[in-house]
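The values are calculated or read from the model by the stated rules, or taken from the named source; none is laboratory data. All values derive from a computational prediction rather than experimental measurement. Here the Cβ positions follow ideal geometry from the backbone for every residue, glycine too, while neighbour counts run over all protein chains shown. Quick note on the areas: whole protein, heavy atoms, side chains included, nothing else; ligands and nucleic acids left out. Shrake-Rupley method; radii C 1.70, N 1.55, O 1.52, S 1.80 Å.
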Protein chains: 2
Amino acid sequence: MKPIGTQLVLDQQTAAKLIRVALGEKKADLVIRNANILNVYTGEILENESVAVMGKWIAYVGDDPEHTIGSKTTVIDATGKVLIPGFIDGHTHMAWLFRIDEFLKIAMKGGTTTIITETMELAMIMGYDGVSALLSSFSDQPVKILSTAGAMASISSEARKMPKETLQKLLKRNDIIGLGESFWQAVLQDPALFLPRFEETLRSHKILEGHSAGASGKKLNAYIATGISSCHEPINAKEVLERVRLGLYVMIREGSIRRDLEVISEIKDFGIDSRRLILATDGIEPRDLLEKGYMEYIVQKAIDCGFDPIVAIQMATLNVAEHFSLDNVIGGIAPGRFADMLVIPDVKTIDAECVVSNGRIIAKSHQLVMEPRQHNFPDNFRQTVLFSKKLDLSDFAIPAESKSSQVEVRIIDMITDLVTKEKKIKLPVINGEVLPDLGQDIIKVAAIDRTHFPGKTFIGLVKGFCMKNGAIASSAAWDTTDIIVVGANDVDMALAVNRIYALQGGMVVCADNEITAELPMPLFGLISDLPVQDLAKRQKNLDAEASKLGIPFPNPFLSLVALTGSAIPFLRICEEGLVHFKDGITRNLII
Amino acid sequence: MKPIGTQLVLDQQTAAKLIRVALGEKKADLVIRNANILNVYTGEILENESVAVMGKWIAYVGDDPEHTIGSKTTVIDATGKVLIPGFIDGHTHMAWLFRIDEFLKIAMKGGTTTIITETMELAMIMGYDGVSALLSSFSDQPVKILSTAGAMASISSEARKMPKETLQKLLKRNDIIGLGESFWQAVLQDPALFLPRFEETLRSHKILEGHSAGASGKKLNAYIATGISSCHEPINAKEVLERVRLGLYVMIREGSIRRDLEVISEIKDFGIDSRRLILATDGIEPRDLLEKGYMEYIVQKAIDCGFDPIVAIQMATLNVAEHFSLDNVIGGIAPGRFADMLVIPDVKTIDAECVVSNGRIIAKSHQLVMEPRQHNFPDNFRQTVLFSKKLDLSDFAIPAESKSSQVEVRIIDMITDLVTKEKKIKLPVINGEVLPDLGQDIIKVAAIDRTHFPGKTFIGLVKGFCMKNGAIASSAAWDTTDIIVVGANDVDMALAVNRIYALQGGMVVCADNEITAELPMPLFGLISDLPVQDLAKRQKNLDAEASKLGIPFPNPFLSLVALTGSAIPFLRICEEGLVHFKDGITRNLII
C-alpha cells in the first residue's frame, strides 16, 4: 500500500541519484559553497565546507564540492557565513485560525522548515475526513508540515470518542508521526479509553506526546509509565529537570500561550546533558508571528538568555528530530537528509539571509521567493456549524425545577485568566429561572455542540469576566465540538452565537444587540481565510471590544476557549455539563 | 496480526498495571531501594533514589518508594551503591559458534541485558526458516536478544539473493529492528540490489546498519546518502569523527575481531557531543568472553582509557537505544522502560553485584541465579551440509584446458592476516593440471557450496599461509554458504571437508591424513552445542594444530573464513570464482 501523505522515506530511485551526485557522476541542483557549517551531530562549526543538493535531498557534505557542480548547478557562495539546519517546531496547533498558506507566507521566511502540529481539534469536528483534508492542505508546501493524531482527550464523552479504525488509518499515514498530547489526569482517570490508543500508536513505531502540567512524583511516574515520551508544559527549570530525569523529551515553550524560555534558561548552568531539551511554540498568534517571527525568534532568544548557540540550535533541530525518530531525514546537515538549511551571518545571530527547504531556495534577504500553495478545500469543510435553526432567547434560560425560591449552584470561578475552581453559591429563582447576578459578577456561560448533536446546549455560570454588558463567543472551544459563549445578557449571547452560525465559524464580540467585532473562521469553524496581517488587526479589535465590556484578562478569547479545555484545573464546561478536573465526572449546574 | 517475536511494545494491560503500581494501588514485584542512580538522560547521579518494578517493567523511579512495597515485594537495599542501566551490545554476530543458552551462561553475569545481532549468516544458509529458528532460540531468554535482517552482501551471486517477501516477513517481526551491515562498496557497485532492500527497511520504520571501512570523502558521502545510519568499522579517532560528522552513529569496537577502543579514546578530548558514540563488540570469541567478560569489560576499559564514566555508560546504554529508536523501552532507568539494571559499587567500577533483566534478578555476586532457556531445534536445522556424497581427490584438481606447459593464474596473496591482493603468476601445467607450489608458498584454497548447489566447488590458490603439510577447513565461511578449506595437499583437504560433512558443520585441522583438531558446529553448520569453556579449549587446540602446520597468522581460522568475505580488500573466493573488491566481477583462476 503506497503510503499516504508527505514522503519522508528516502526511496530507492532518489537514493540511486544521490549516490551519483556524491560521486560526481551527476551534477547537483544546488551547492552551498564554502560555509562554516554547524554540525549538530558533533557540536562543531566546520569551516569552509560545502553542501551539494539534488532534488529535495543532500547528497554530499565536505570540503571539496567541485565534482558536484555543473553548468546548471545553482551555487550559493556562503563564504564567511554560517550554515545551520532548518528549524523544527516540535509542537504547535495549526488546526486553528491560520490557513496554512497564509501562515507560511510569514512563517517560512525565518528558517523554519518543519512544523509538527496537533490535529485533535479537527478530528473532533470532522473525524478522519477532516484531518485528511487538513493534511492535504499541508502536503506539497515549500516546508514540511507533519502531524500527530489526536489523543482525543475531552471533558465531553461524545467528543473523546474515536473509532479504532480511524486511529489505525491515521497511524498508517506518512505524515502522522505520533499520538498528540493526552492530558495526564484524563489518562489516569480513564485508562481504558487511552491505553488502547497508546498501544496502537506504539505498535506503529510512533510516539506518544504528553501533557503533564501539575503532575509530579507518583502521578508523573504513573503517566510516563504508560509510554509517554514528551511534555511541553514545564514552566521552570525544576519542572524541566524532573521530567528529563524520568526520560521525557521536554519542550520549552516560547509561544503565545506561554513564554517560559527565560525562566527555564537557568537550566543551562545545571551541567546536564542537553539532548532532550527542545524549543517549541505550542502555538503562535498573528501579532506575535508578525512582530517576533517564528522559530528563529525563539532560538535567538535562547542564545540571548545565555544558552550556548550550538546547544540552542540543536534544541530546535537535532533534538526535535531525534525525539520523533526522524533524525535520519531532518534535523541536521548530512547526506541522505532533506536539504533544509539556512545561511546566517554568525552562529549567534539567527537572521536568515537565505533559506533552503526541500532543496529549494524559499527565502532570500527576508523575502519569500517561493509561494506556499493555496489549497482548495471542498465546500463541505466550510459547513461545520450544523444547527438546524438559529438560537433564540429561550435557549439560554436556566430552568429551576425546584419549587423553592433559591437554588444552590456550582459556578466556574476564574482564579486567574485560565485557572478556575468550583464555587458553590445560592442564587434566587425568579419565574422558574435561575438568573445571573451581574452585581456579584456572575454571568452565564453556554457550551453548544455544533457537530455531534447540533444545538445541544448546557448553560453554566461563571464569575470573573467582570462583564456588565455584551457577550463574546468562539467556535474554536478547546477540546470539544462546542461553540462557547459568555455574556451579561441572553440577547447578546444569542446574537453572538447566531452570528457564528451565519459565518459558519468565528470569534465574535457583541454589545447592545450589535456585533462590535468579529473574525470569521469558516474553514471547519476553526480556520480563517484572512492573511496574517488582517488576522492581527481583527484580533486586536476583538480584544479591544472585549475589554470594553469589562473583561480584565490579557487575552479574553484565550480565557474563553479554555473554559471547555480538559487540561487546566479545575472546573470546565461542555455541552454535556460541568466537569471537574479531579474526578472527570459530569455534573449539573444545580446541586 | 499479532506481532511475532520478543515483545518490545508496552501493551495496554501492562501499562494499566504500571499506573496502579506507580500510584501505590498495586504493589511492586521488586524494589531497588536507596541507590545512587545514574540518570543517563541528564548525565547525573541522583542519590538515594529507588526503582519499583512490576513484571518486566519499571513503574516508578523516585525518592519515595514506600507506597509500592508490599509483603510480597522483593526489596534490594542498594544503599551506597550505584545503579546503572543494563548494557546493550549494539552489534555482534550470534549466528556463529555459540549456542545462545551456553553463551548467556557466561555473558549474562556482568550486566549485559540486550544483545543486537546480525543474522545474515543464517539467512544465507536457510532463508527465513533458518532465521526464524534462530530467533526462536533467542526468545524467552532472561535477557533480550534482538536482530537485524541480513543485507545479504556476498561475493556469491547466489548467496546474495533474498526474495522480497523474505525481507518483508522479517521486517514485520518485533525482534528484527533493522537491516544488517551492508558493505559500502557492494552497495555502490550494485545499488539495484541493495537500494530496494533499504527502502523496504526504512518504510518499516527500521534502520540501516553500515560498514564503511576504507570509504571516505565522496564514497563515504555516497554510501551514507542511501540512508545508512551507523558504522562499526573506524579504527581511530579521525575516522570516528569523519563519520559522526556525516550523521552516523559510530560503534567503537572492542571485541575479538578488533580492539580499537584505546586508540579511539583520544576522541574524549575533542570536545565533541558524545551522543552518537557507541561501544560494541562486533563479535566475541570464547576465550575473550571467559577471560575478560562481555560489555562490562568494554565499559570498564572505556573508563580506564579516560572517558568520563557517565559518558562511557551512556555509550553502552542510552546512545545504543537511541540509535535503534528503542530508547522508549531500553537504555535508561525510567518508568515505562524494561527493568534492566545493575548494581555496581561506584560509577567507575563496572563490577555487577546484582543484575536485573526484564524485572528479574538474573545474577548476584557474579553468579547466575537464572538459567538461560535451552532451545530445542528441529532436526532439519542440524542437516545443512547437503552434499550427496563425500568429496574425493579429483574434486580438488585444477584442470588446465590449455595445451601449453604453463598458465598464468591470479592468486590470493595474503598481505596481512586479513587483507589480500591479487597477484598474477605463471605456474607449470603437469598432466593437464595446475599444481600448487609449496616452495613458493602457493597452496590450494577451495570454496564448496554446501546448500544452494551442494558440492559446487571452486579451487583457487593462495600465498601466505606458509603451510607445508595439512589442511584447515570451516563451514562458517563469511558471507557465503561455502565450506572454505586451504591445504598443502589434496588428501588432507578432502579429509577435512569430508569430516565437516560427517559432522554436519565445524572447524577442522588435518595433517598427514589424520584429523588433528576439530570443533563440531552441527547447528546450521554454524553453531556448536558445546559450553563456552569447551569451545575455548577446542579453539586453543585448533589454533595450536594450525600453527604446527606453519600458518603464521595470530588467528588462523579468522584468516581462513575471511577469504570468502565481501568486505575486506581485495581478492576473495567463493564457489563461483574469484571476486575482486574493486569491481565485484567474478573471475576464473586461470587468466
Which residues qualify? For A:I207, with a placed amide H closer than 5 Å and at least 5 residues away or on another chain, they are A:G178, A:L179
Whole number please: convex hull volume per residue, Cα atoms of region A:106-184, in Å³.
-> 107 Å³
Pseudo-label separations to other copies for B:L438 - Cα-to-Cβ vector, 7 Å, nm | 11.6
Treating the angle as unsigned and between 0 and 90°, give the value, to the nearest 10°, between the Cα long axis of helix B:191-203 and the longest Cα principal axis of chain B.
-> 10 degrees
Which of B:A536, B:A546, B:L523 sits closest to the plus end of the dipole of region B:506-550, meaning its Cα is farthest towards the positive end, when Lys and Arg get +1 and Asp and Glu get -1 on the C-beta?
-> B:A536
How are the Cα pair distances of chain B distributed, in percent, across 20 Å bins from 0?
-> 21, 52, 23, 4, 0
Contact order relative to length for region A:212-318, counting C-alpha pairs under 8 Å separated by 6 or more residues, stands in percent at 23 percent
Please work out the FRET efficiency for the pair A:D140 and A:E47, using the Cβ-Cβ distance as r and a Förster radius of 35 Å; give the result to the nearest 0.05.
-> 0.45
Out of all DSSP beta bridges with both ends in chain A, state the antiparallel percent to the nearest 5.
-> 70 percent
For B:D351 and A:D63, what is the calculated FRET efficiency with R₀ set at 30 Å and r taken between the beta-carbons, to the nearest 0.05?
-> 0.10
Once amide hydrogens are built 1.01 Å from N within the peptide plane, the residues lying 5 or more places from A:L146 or on another chain with amide H under 5 Å from its amide H are A:I115, A:I116, A:T117
Global geometry of region A:381-468, whether rounded, prolate or oblate, following the gyration tensor of its Cα atoms and the 1.5 cut on a/c | oblate
Would you mind calculating the relative contact order of region A:369-432 from Cα pairs under 8 angstrom and at least 6 residues apart, reporting the percent as a whole number?
-> 26 percent
Calculate I(q)/I(0) for region A:137-262 by the Debye formula, one identical point scatterer on each C-alpha and no solvent, and give its log10 at q = 0.13, 0.20 Å⁻¹ to two decimals.
-> -0.56, -1.18
Report the relative contact order of chain A, percent, no decimals, based on alpha-carbon pairs under 8 angstrom and at least 6 residues apart.
-> 15 percent
How much of the calculated P(r) for region A:481-540 lies past 17 Å, in percent of all Cα pairs?
-> 37 percent
Measuring label to label, 7 Å along Cα→Cβ, what does A:P552 give against each other copy in nm, shortest first?
-> 9.3
Reach of B:K161 by Cα under 19 Å, taken over lysines that are not fewer than 8 positions away in the same chain | B:K169, B:K456
Probe 1.4 Å, all protein chains in place: accessible area of A:K169 in Å², nearest 10?
-> 100 Å²
Mean per-residue count of partner chain Cβ within 10 Å for A:51-62 equals 3
To the nearest whole percent, what portion of all C-alpha pairs in region B:509-590 is separated by more than 14 angstrom?
-> 71 percent
For the protein assembly as shown, report the translational diffusion coefficient in µm²/s to the nearest whole number, using Stokes-Einstein at 37 °C, 0.692 mPa s, and a Kirkwood Rh over Cα pairs.
-> 102 µm²/s
Would you please report the Å³ per residue occupied by the convex hull of the alpha carbon atoms in region B:1-91?
-> 130 Å³
Using alpha carbons only, how many degrees (0 to 90, rounded to 10) separate the axis of helix A:12-23 from the longest principal axis of chain A?
-> 40 degrees
Scan of chain A for GluC sites (Glu not before Pro) in DSSP loops with at most 13 other beta-carbon atoms within 10 Å gives a longest site-free stretch of A:26-400
CD proxy, 222 nm, chain B: helix-only mean residue ellipticity via -39,500 (n - 2.57) per DSSP H run with n ≥ 4, per residue, nearest 500, stands at -7500 deg cm²/dmol
Put +1 on the Cβ of each Lys and Arg and -1 on the Cβ of each Asp and Glu in region B:248-332; which of B:A302, B:S256, B:L277 then has its Cα farthest toward the positive end of the dipole?
-> B:S256
Please report, in debye to the nearest 20, how large the charge dipole of chain A is about its Cα centre when each Lys and Arg carries +1 at its beta carbon and each Asp and Glu carries -1 there.
-> 900 debye
Cα centroid separation - region B:389-431 against region A:409-460, whole Å = 96 Å
Nearest-20 debye value, region A:247-359 charge dipole, Cβ charges on Lys, Arg, Asp, Glu = 220 debye
Everything considered on the Cα gyration tensor (a ≥ b ≥ c; rounded for a/c under 1.5, else prolate if a/b is larger than b/c, else oblate), region A:251-368 must be described as oblate
Computed accessible area, B:R20, all protein chains, 1.4 angstrom probe, square angstrom = 100 Å²
A:Q440-A:E422 pseudo-label distance in nm [points 7 Å out on the Cα-to-Cβ vector] = 1.7 nm
Could you sort out which of A:K17/B:K238; B:K426/B:K463; B:K444/B:K468; B:K403/B:K468; A:K105/A:K548 sit more than 21 Å apart by Cα distance in this structure?
-> A:K17/B:K238; B:K403/B:K468; A:K105/A:K548
For region B:334-340, 3J(HN,Hα) per residue [Karplus equation, 6.51 cos²θ - 1.76 cosθ + 1.60, θ = phi - 60°, Hz, x = Gly/Pro] = 7, x, x, 9, 4, 7, 10
About its Cα centre, how strong a charge dipole does region A:290-341 have in debye, to the nearest 20, once Lys and Arg get +1 and Asp and Glu get -1 at the Cβ?
-> 40 debye
Output row for A:G127: copy-to-copy label distances, label 7 Å along Cα→C-beta, ascending, in nanometres, one decimal, is 4.4
